[in-house]
Every structure is written in C-alpha cells, then in structure tokens.
1. With a cut-off of 8 Å between alpha carbons and a minimum separation of six or more residues, what is the relative contact order of the range 154-242 in percent?
2. How big is the dipole moment of the range 1-139 about its Cα centre under a simple scheme where the beta carbon of each Lys and Arg is +1, that of each Asp and Glu is -1, and everything else is neutral? Debye, nearest 20, please.
3. For the chain, list the DSSP H helices whose alpha carbon atoms reach 20 Å or more along the long axis and whose average Kyte-Doolittle value is -1.0 or above?
4. 7 Å from Cα along Cα→Cβ at both Asn207 and Ala20: what's the point-to-point distance in nm?
5. Take the alpha carbon atoms of the range 95-159, find their center, do the same for the range 162-204, and report the distance between the two centers in whole angstrom.
6. Explain nothing, just the number: dipole magnitude of the chain about its Cα centre with +1 on each Lys and Arg Cβ and -1 on each Asp and Glu Cβ, in debye rounded to the nearest 20.
7. Looking only at the chain, where both bridge partners belong to it, what percent of the DSSP beta bridges are antiparallel (to the nearest 5)?
8. Across the Cα atoms of the chain, what radius of gyration and what greatest pairwise Cα-Cα distance (Dmax) are found, in Å?
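Computed from the coordinates by the stated procedures, all read-outs in this text should not be read as laboratory data. Because the structure is a prediction, the values reported are computed rather than measured. Quick reminder, even Gly has a Cβ in these numbers, built from the backbone with ideal geometry, and neighbours come from all protein chains shown.
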Amino acid sequence: MSVEPSAPAGSRRPALHAEALRKTFFAGTPREFAVLRGVSLTVERGRICTILGPSGSGKTTLLRCLSGLEPVDSGTVEVGGTKVHALSPRQTQRFRREDTAFVFQEYNLISDLTLRENVELDRPMAPRPAELAARWRLEHVLDHFPDQCSGGQQQKAAILRALNRDVDVLFCDEPTGALDGTSAGEVLCVLQEVSANGVTVVMITHNEMVTEISDRVVRLHDGEVVSDTVVPDPRPAGELEW
C-alpha cells in the first residue's frame, strides 16, 4: 500500500472531489458537536473507495454530504465536475436521480410496494439487475412485500434498485451489514464488477476485510481523516472467505 494525498491528480477530472468539509450539529447550543472537521477526499473514476472508522467518527454524515443528501457548513463537493452543494433544490433532486445512487443501511424500501416494484421505481428492470436477482436467489421473493422478506433479501433488493439506474457514482452505507458471509461476498463481487465498468463506488463499513478489495481506504476519527491509502492491487472479492 502507498499513501497518496487527497488532491486531484494531473489534469484528469476525478469522479469525486471533496475539499475541507465541515459539518456541525446543534450549532450555537450547549449540544454543539463538530461531526466533520475539514475532511478532504478524492476518488478517481471506476474505483472503490472504502471509508472506515469507529462509531461516531462521522462516516455516515460524510457519505450523506458527499452524495448531496446532507448540507455542509463549509467546503465543496464536486461529482463529475458538478458542484453538489451549489445546486438548487430542483437541481439537487435531478443530480441525485440521474448521476448517483444511494444504498441505505436501513434499505429505504417502500413498504406497500413489492421488491420488484421497488427495484423498478425509476425504470423497468434492466438485464443486469434481472440476472443478479437470479444469481442472488431473489426471484422467488420479488413479488413479496418488504415485511415478508428477510433483512438480507431487503438489502439485496435495495442494491438491485441502485444498480437498476445508469449512474456514475454509487454510494453505499454498510451494504453488507444485514448479509451473511456468502451473501456479502456475492454483493462485493458485484461492486467490483460495476467499478470495473466505470462506476465509482464509495462505501462505509465496519468490515475490515472490505479494505482488501478496495482501491482506496480512508479512515476517519472524530470527524477527521487520519489516513488515506491507495491500494495498488486490490484482491478479487471472490478469492476471500467472507
């Protein structure tokens, strides 16, 4: 592994660049808490960037700020050259719909829609998600409602929903958190496949093994980046015992 500073390299525009992000909750009150303290981060196109850190380190807040789901107090985020936090509310909705997808830790499936209908919210199921549904043994539950399915099945459906969109950046909040080892390996294999096809994957996790399949590993502590490491030769997810 080699350490590389968080700055755009050369003239090629990175898929994502964040500069000096700051975010405080309950500002001006006795409960004031600085969640992000000047975080900078660069991710090149078609790479997997994994963000780790203890609970309360700011991982989820950072992911939400990078994706435009959460405003920042100061700093900038550019995704494919778009200044995310300079967009109007309507432009932000369009950006999140057309350029990025988000896999939520809580799944965020619509309870009165079947898994299939959740996956097809934006468009009919594309061949790739349909193939994955078969590979992940989900075909028999696609017409079930979320509360009729296990947490792992809901997690996979949420990932299929994200992959059913043609986006440049995929944000994942603990994408394997509800999965057993076998299913986690299957999902991570797919994330490597989509990154090889040019999609940038930014995910947070507590699973240290995920660092072995990542191109970049960023560690947070108390809202600050304490290490930012480029992995020159990530291992294929299928080779690891999850």
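1. Numbers: 95 pairs, mean separation 26.0, N = 89.
Averaging sequence separation for qualifying contacts and normalising by length gives 29 percent for the range 154-242.
2. It comes to approximately 240 debye.
3. Numbers: long enough: 181-196 (22 Å, 0.79).
For the chain, where a helix must reach 20 Å along its axis and average at least -1.0, the hits are 181-196.
4. Calculated label separation equals 3.7 nm.
5. So the separation of the two Cα centres works out to 13 Å.
6. It comes to approximately 720 debye.
7. 60 percent
8. In order Rg, Dmax, the Cα atoms of the chain give 17.6, 53 Å.
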